[in-house]
Structures are given as structure tokens and as C-alpha cells.
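**Q** So that we are looking at the same thing, I have put the structure below in C-alpha cells.
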Amino acid sequence: MKKILVLNAGSSSLKYQLISLPNKEVIAKGLIEKIGSKDAGLVYKTDAISIEETAQVEDHAFGLQWVAQQLLSKQHGVITEASEIAAIGHRVVHGGSTFSETTLITDAVKDKIKALYPLAPLHNPANMKGIEISEELFKGVPQIAVFDTAFYQSLEEKVYRFAIDRELADKERIRVYGFHGTSHKYVSKKTADYLNNPKAKLIVLHLGNGCSATAVAAGKSVEHSMGFGPINGLIMGTRSGDIDPAVLLYLQQSLGYSPEDVKNLLTKNSGMMGLAGASDLREVHKKADGGDSNAVLALEMNAHRIKKFIGSYYAVLNGADSIVFTAGIGENDWRLRQLVCSNLEGLGIEMDFDKNKSGGSGILELQTKNSKVKILVVPTDEELEIAQQSYQLIID
């Protein structure tokens with residue numbers, strides 16, 4: 001058995017799990033939310049103990065140090081020294097065209113990940129922080145990068161190429177790369193196994209603070225909502241999703257916005273934050289329930305955008321076996337699921353709203369008896385997928 005520590009460092013969060021493989025036993029796990037705030041939430045759980053604290057967490061370094069302290073604690077730790085960890089698997093959002101598979105991290109690999117910062121400004125820097133800090137805290141332990149973009153190497157050229165000058169695109173490697181691939185890959189496989197159909201046609205909706213949709217056929221991605229960077233597509237917590245490029249030209253040419261201003265607008269001050277003044281959908285629902293018309297509109301826009309992608313991917317796949325909801329919002333927000341699945345009967349998609357509202361654990365079926373398409377909630381487990389890929393690399 002080998003213990004794999006998985007670190008999933010987001011822009012303001014850090015998920016972690018210590019997993020024993022190949023038996024898939026989760027030894028310890030937790031989450032740090034709202035990094036950079038005075039009321040960050042810190043969670044550490046094992047079979048024997050559950051610790052939940054609220055504290056000021058200035059940065060990812062502080063958060064990861066706290067995680068290491070819990071894992072090595074004499075009172076409730078699960079390891080006695082860092083060398084018990086066989087490898088540390090890191091989620092890295094953008095691998096560009098350089099990385100198409102799980103990779104052992106070296107100085108050269110780190111330089112290439114840093115070179116991709118402009119393509120994923122909210123994520124790659126946070127991912128790199130996790131790598132560099134864990135190198136200091138767990139000296140000598142192999143560090144492994146698992147790239148979100150790897151799942152989209154199966155996209156055909158007609159899908160990944162943009163309709164711009166070919167020579168420019170090829171020279172500068174401008175194309176659709178895709179994101180949330182680790183989650184989409186895991187959920188697609190779980191869904192195909194559940195349906196007992198390896199050739200299943202799926203529309204997978206990864207809905208969290210970041211959101212994306214992927215059309216999957218026979219385990220391969222064939223369409224994806226994100227592109228060159230993780231900004232476009234669906235409406236997200238602070239990211240705009242699809243927007244007319246003419247708007248960006250107008251901001252710069254007529255209103256004097258700098259490229260940095262545009263980046264901050266699209267990545268930090270748009271999406272649900274820009275529409276409703278809150279990036280957390282739970283807060284948006286509270287505002288809507290209180291009669292905030294901006295929040296109501298934001299939720300309607302969010303669901304409408306998702307419907308557009310369902311319709312287009314249904315056409316690309318020439319039908320679908322299942323619509324799959326996953327990630328924090330997809331798994332837990334029954335109200336958004338209902339908004340999304342309302343009035344889709346023309347596509348053979350009919351939701352049982354009572355089943356949807358009652359929820360449950362594990363894989364859930366939310367469709368009516370007459371629905372031609374299954375509506376599923378399939379919990380994602382990016383950490384397990386990262387652990388499995390890291391384990392495979394070190395034993396090969």
C-alpha cells in the first residue's frame with residue numbers, strides 16, 4: 001500500500017486528501033475555504049476525529065502548514081513523518097499543449113507551468129503555490145502534476161481550432177484547451193459504469209465556483225465549454241463566461257481599460273458577483289428569496305446559459321443518454337438544477353421535481369418514468385482521480 005497526498009489548490013481554497021492505494025482508503029481529508037480572509041474555514045477529518053475551525057488564513061502557505069500540522073500531530077495525526085507519503089499529487093489547471101499526461105514535477109516543469117500563468121491567472125499561480133510550499137514541507141517526497149487540460153486531447157481539430165489566422169494560431173498555440181478535465185474524466189467514467197454502457201453519450205455539467213460543460217461519447221470528450229483559458233462558457237462565481245469580443249474592444253478603445261483591467265473585470269468582478277453582488281450561489285439564493293431582483297435575474301441567466309449548452313451538445317452528440325450534474329453546486333443546489341431542467345421536454349428530458357428536491361447521497365436519478373434521458377447527480381472525486389493517476393506514475 002502507498003499513501004498519496006492530494007492537493008487541490010484553488011484560487012481561494014485548498015482541498016486535500018491522504019489516500020491509500022490501491023485499496024482507495026481515505027486516511028484523512030479536509031478543506032480550507034476563504035483563504036485570504038479573517039473567517040476562513042479549516043476542516044480536518046479522519047475516522048477518529050473531526051476538527052473544524054474558523055481563523056484568519058492569510059495565504060495558501062499558512063493553510064498548507066496547518067494541514068501538515070494536523071497530519072503529523074501526536075494527538076490526532078495519521079503519519080509520524082513526511083517520508084511515509086509516497087507521492088504528492090497536485091491538480092494543475094492549465095498544461096497548455098506541453099502536458100498531455102500526468103508528470104513528475106521538476107524545475108523545468110515548474111518553469112513551464114509558470115509560463116502558462118497568463119492563460120489561467122486565477123488557478124495556475126495557486127497551483128504553483130501548493131507545489132512550492134509542499135516541496136518545503138515534505139522534502140524528498142515526489143511531487144506530481146495532474147493537468148485538467150489532459151482530458152481534452154481527444155477533441156477534434158474542428159472543435160479545438162478557433163476561426164482566426166491559421167499561422168498565428170499555430171505559432172502561438174492558440175486553441176481550445178479545456179478545463180475541469182480531472183473531474184469530467186472521473187464523473188464520465190462513474191456514469192458510464194453506472195449505466196453499464198461504455199459507449200454512453202453524456203452531457204456533464206461541472207457546476208461550482210468555476211463551471212463547465214463537456215459532451216462525452218464513449219469516454220472521450222468531444223465538446224467543451226471552456227477554451228484557451230478558463231473564463232468562457234457558462235456563467236461562474238466571478239467569471240463572465242461567454243461574452244461578445246466587441247465588448248472587450250470597446251472597453252479598451254473607448255473607455256480606456258488596460259489589459260489588466262479587462263482581466264480583473266472578466267475573472268474577478270463578473271459572473272454572479274457582477275450580476276448579484278455575491279459569488280457564492282447560496283448567498284445569491286438568499287438575496288433572491290428576499291426579493292432582490294438582480295439576484296433573481298442572475299439565477300435565471302445562469303440556468304438559461306446552461307440550457308443553451310445542453311441543447312447544442314445534444315445536437316453535437318445526436319442525442320444523449322444522460323445529463324449529469326456534479327461538483328459543489330451541481331450536487332447540492334436543487335433549485336438551480338430545477339431551473340436548468342424545466343421546459344426541456346422537447347429533448348426528451350423530464351425532471352421529477354420531487355426527487356430533485358428531496359436529494360440524497362451517492363448517485364441520484366432525478367428523471368421521470370417517461371423521460372428519454374436520464375438526469376443524474378454523480379458526486380465528483382477529483383482527489384481520488386489525482387491519487388490514482390499519481391499512484392500509477394510512481395509504480396510504472
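The values are calculated or read from the model by the stated rules, or taken from the named source; none is laboratory data. Bear in mind the structure is a predicted one, so any value in this text is a computation, not a measurement. Every residue, glycine as well, gets a Cβ built from its backbone with ideal geometry; the counts of neighbours run over all protein chains shown.
**Q** Read through the list (1) assigned to a strand (DSSP E or B); (2) under 16 Å from the mean Cα position of the chain (by Cα); (3) of a type in the set (Val, Ile, Thr), then give the number of the only condition that VAL222 fails.
**A** So the condition that VAL222 fails would be (2).
**Q** Another question, if that's okay. Going through the stretch 305-342 one residue at a time, which ones are in contact (Cβ under 8 Å) with a residue 12 or more places away in the chain, out of contact with any helix residue (DSSP H, G or I) (no Cβ under 9 Å at 6 or more places or on another chain) and aliphatic (A, V, I, L, M)?
**A** LEU317
**Q** Could you count how many residues in the stretch 7-43 are under 18 Å from GLU382 (Cα atoms) and in a strand (DSSP E or B)?
**A** Initially, the stretch 7-43 is screened for residues under 18 Å from GLU382 (Cα atoms), giving 7-33, 43.
If we keep only those that are in a strand (DSSP E or B) as well, we get 7-9, 14-21, 25-33, 43.
Going through the stretch 7-43 one residue at a time, the tally reaches 21.
**Q** Right, next: Kindly list the number of the only condition in (1) out of contact with any Asp or Glu (no Cβ under 9 Å at 6 or more places or on another chain); (2) in a helix (DSSP H, G or I); (3) among the β-branched types (Val, Ile, Thr) that fails for VAL159.
**A** (1)
**Q** Can you tell me how many residues in the stretch 245-277 are assigned to a helix (DSSP H, G or I) and either touching a strand residue (DSSP E or B) at 6+ places or on another chain (Cβ under 9 Å) or hydroxyl-bearing (Ser, Thr, Tyr) (or both)?
**A** Residues flagged as assigned to a helix (DSSP H, G or I) and either touching a strand residue (DSSP E or B) at 6+ places or on another chain (Cβ under 9 Å) or hydroxyl-bearing (Ser, Thr, Tyr) (or both) within the stretch 245-277 amount to 3.
**Q** What pairs come out if I take residues in the stretch 166-192 that are at positive phi and pair them with residues that are part of a helix (DSSP H, G or I) whose C-beta lies under 7 Å away, six or more apart or interchain?
**A** Close Cβ pairs satisfying both conditions: GLY178/THR149; GLY178/PHE151; GLY178/TYR152; HIS180/ASP148.
**Q** Condition test on SER134, is it within 29 Å of ASN264 (Cα to Cα), surrounded by 15 or more Cβ atoms within 10 Å (Cβ to Cβ), modelled with pLDDT of 90 or more and assigned by TED's automatic domain parsing to the domain that holds SER83?
**A** Against the criterion (within 29 Å of ASN264 (Cα to Cα), surrounded by 15 or more Cβ atoms within 10 Å (Cβ to Cβ), modelled with pLDDT of 90 or more and assigned by TED's automatic domain parsing to the domain that holds SER83), SER134 qualifies.
**Q** Name the pairs: first residue in the stretch 282-297 and more than 19 Å from GLU331 (Cβ to Cβ) and in the same structural domain as GLY328 (by TED's automatic domain parsing), second residue charged (D, E, K, R) and assigned to a helix (DSSP H, G or I), Cβ to Cβ under 6 Å, at least 6 apart or on different chains?
**A** Taking only residues 6 or more apart or on different chains, the pairs are ALA295/LYS287.
**Q** Identify, from the list VAL141, VAL92, the residue that is touching an Asp or Glu at 6+ places or on another chain (Cβ under 8 Å) and not charged (D, E, K, R).
**A** Values: VAL141 fails: touching an Asp or Glu at 6+ places or on another chain (Cβ under 8 Å).
Exactly one of VAL141, VAL92 is touching an Asp or Glu at 6+ places or on another chain (Cβ under 8 Å) and not charged (D, E, K, R), namely VAL92.
**Q** Moving on. Of all residues in the stretch 76-101 being crowded, with 20+ Cβ neighbours inside 10 Å and not hydrophobic (A, V, I, L, M, F, W, C), which is nearest to ASN124 (Cα to Cα)?
**A** Checking each candidate, the answer is HIS94.
**Q** May I pose another question? Please go through the stretch 219-240 and give me each residue that is surrounded by fewer than 22 Cβ atoms within 10 Å (Cβ to Cβ) and on the phi > 0 side of the Ramachandran plot, ordered by number.
**A** Answer for the stretch 219-240, where residues must be surrounded by fewer than 22 Cβ atoms within 10 Å (Cβ to Cβ) and on the phi > 0 side of the Ramachandran plot: just GLY219.
**Q** Taking PRO379 as meeting all but one of (1) in a loop (DSSP other than H, G, I, E, B); (2) out of contact with any strand residue (DSSP E or B) (no Cβ under 9 Å at 6 or more places or on another chain), write down the number of the exception.
**A** (2)
**Q** Considering every residue within the stretch 343-364, establish whether at least one is touching a strand residue (DSSP E or B) at 6+ places or on another chain (Cβ under 6 Å), assigned to a helix (DSSP H, G or I) and in contact (Cβ under 8 Å) with a residue 24 or more places away in the chain.
**A** Among the residues of the stretch 343-364, not one is touching a strand residue (DSSP E or B) at 6+ places or on another chain (Cβ under 6 Å), assigned to a helix (DSSP H, G or I) and in contact (Cβ under 8 Å) with a residue 24 or more places away in the chain, which makes the answer no.
**Q** Is it fair to say THR46 is buried (at least 17 other Cβ atoms within 10 Å of the Cβ) and farther than 18 Å from ILE133 by Cβ? Working first, answer last.
**A** Numbers: buried (at least 17 other Cβ atoms within 10 Å of the Cβ): yes; farther than 18 Å from ILE133 by Cβ: yes.
Against the criterion (buried (at least 17 other Cβ atoms within 10 Å of the Cβ) and farther than 18 Å from ILE133 by Cβ), THR46 qualifies.
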